[in-house]
Amino acid sequence: MKKIISVLLLIMAAAGCQQKEEPKPQYQFPTGPVQAGPLQAQDDIRILNEAVKKDPRNVDAWIKLGNTMMDTSRFNEAIDAYQKALGIDPKNIDVRVDMGTCYRNAGRPDMAVKEYRKALEINPKHLNGRKNLGVVLAYDLHDNKQAAKEFEKYLEIAPNAPDAAQIRQEIQKLKSAK
């Protein structure tokens with residue numbers, strides 16, 4: 001009888017130790033700047049391209065694809081992805097500002113200004129949009145007067161921003177430039 005109980009316990013223990021098949025976790029889209037290197041970025045891009053092909057209305061996938069393209073300096077491709085995202089969610093200010101930055105980096109500062117201004121129409125207190133607009137006006141379009149105004153508006157919104165002293169110096173430099 002002891003042998004039968006021992007065998008039963010052994011069988012039950014073995015059955016309990018068998019691994020149950022866990023459901024496969026859904027892939028989490030990559031987040032944040034690409035830091036894993038070009039191979040990881042290529043994998044992320046492939047996965048995100050598959051996601052938007054399966055669901056062209058997946059705004060998060062379009063945004064993450066745009067971010068990945070931007071982080072890997074593929075600015076025109078980032079612009080395309082951001083345009084798709086904005087076609088779904090036209091009031092996404094962060095995407096509009098990022099797209100403006102991509103336009104600047106792609107050598108199209110006029111389009112960057114246009115996107116920053118659209119973002120600021122939606123939210124005039126968007127700090128990155130305000131500062132980026134000032135930068136493009138100053139350094140790409142050489143409109144020092146308008147750039148100084150944008151930086152002043154930035155300081156009105158965030159007088160104690162971590163870069164406030166630097167922005168004040170920049171305003172003085174722009175105002176004294178000919």
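Residue-level check: of (1) assigned by TED's automatic domain parsing to the domain that holds VAL52; (2) buried (at least 16 other Cβ atoms within 10 Å of the Cβ); (3) among the polar types (S, T, N, Q), ASN128 misses just (1).
Pairing each residue of region 107-131 that is without any contact (Cβ under 8 Å) to a residue 12 or more places away in the chain and more than 17 Å from PHE75 (Cα to Cα) with any residue that is surrounded by fewer than 16 Cβ atoms within 10 Å (Cβ to Cβ) and hydrophobic (A, V, I, L, M, F, W, C), provided the two are 6+ apart or on different chains, yields no C-beta distance under 6 Å.
Screening ASP89, ASP110 for residues that are surrounded by fewer than 23 Cβ atoms within 10 Å (Cβ to Cβ), under 15 Å from VAL136 (Cβ atoms) and among the acidic types (Asp, Glu) leaves exactly one candidate, ASP110.
When you go through GLY134, GLY129 one by one, which is the residue that is within 14 Å of the chain's Cα centre (by Cα) and within 27 Å of ASN160 (Cβ to Cβ)?
Criteria check complete, one pass: GLY129.
Just give me the residues in region 161-178 being without any contact (Cβ under 8 Å) to a residue 24 or more places away in the chain, of a type in the set (A, V, I, L, M, F, W, C) and surrounded by 12 or more Cβ atoms within 10 Å (Cβ to Cβ), in sequence order. Once the filter is applied, which keeps residues that are without any contact (Cβ under 8 Å) to a residue 24 or more places away in the chain, of a type in the set (A, V, I, L, M, F, W, C) and surrounded by 12 or more Cβ atoms within 10 Å (Cβ to Cβ), region 161-178 yields ALA164, ILE171.
State whether the residues of region 140-160 include one that is exposed (fewer than 14 other Cβ atoms within 10 Å of the Cβ) and polar (S, T, N, Q). Yes, region 140-160 contains a residue that is exposed (fewer than 14 other Cβ atoms within 10 Å of the Cβ) and polar (S, T, N, Q).
The values are calculated or read from the model by the stated rules, or taken from the named source; none is laboratory data. Fair warning: this is a prediction, and the values are worked out from it, not measured in the lab. Heads up, the Cβs are rebuilt from the backbone with ideal geometry, glycines too, and the neighbour counts pull from every protein chain shown.
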